């Protein structure tokens, strides 16, 4: 039986640069073995940084870090951290995406539960009165997710040389 998420592993071209990046984000470092491995904690979940020679860039991880204020975070770090998107307001919250030194795309998320509750009430009420709406709303709901994958900037092949710090001539050329 699965009881919890124990660790998320991110592949990094330069583990030491990634350690500096995640420390700057304010994550709690558990330990760091130079150039080999590092672990951070976010609540009960560990994030492991693993060295790789893979030339994968703009890797959408699906990792979402919750922050208190996405706009304030963006303003504070926009000159220090590569953002792949500015804060975007979605029905479920505010989102922005950042890219770590290994090319991993990570979403930042500020929930707006009051908006979600209002939307859910509206959709449920409409579904109860219109069966055709129920079928169509399930398609719309999945389209509202708003992760890095649907923001478009990361959808091109190869990495973005202005944002990616992997220093790979082959992939960034």
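Taken together, the values in this text are just the output of simple stated rules run on the coordinates, not laboratory data. Predicted, not measured: the structure shown is a model, and the values here were computed from it. Methodologically, a virtual Cβ is constructed for each residue, glycine included, from the backbone with ideal geometry; neighbour enumeration extends over all protein chains shown.
What is the packing order of peptides 81-88, 30-37, taking the mean over residues of other C-beta atoms within 10 Å and listing the highest first?
So the order, starting with the most tightly packed, is 81-88, 30-37.
What is the distance in Å between the Cα centroid of the range 84-117 and that of the range 1-57?
If we compute the Cα centre of each part, the gap is 20 Å.
Kirkwood Rh over alpha-carbon pairs of the range 1-127, then Stokes-Einstein at 25 °C and 0.890 mPa s: what D in µm² s⁻¹, rounded to an integer?
The Stokes-Einstein estimate is 153 µm²/s.
Using a Förster distance of 25 Å, how high is the FRET efficiency between residue 44 and residue 23, based on the Cβ-Cβ distance and rounded to 0.05?
Once rounded, the FRET efficiency stands at 0.80.
Give me the mean projected area, in nm² to one decimal, of the convex hull enclosing the Cα positions of the range 70-132.
Projected area, direction-averaged: 5.6 nm².
For the range 8-55, what is Rg from Cα atoms divided by 2.2 N^0.38 Å, rounded to two decimals?
1.03
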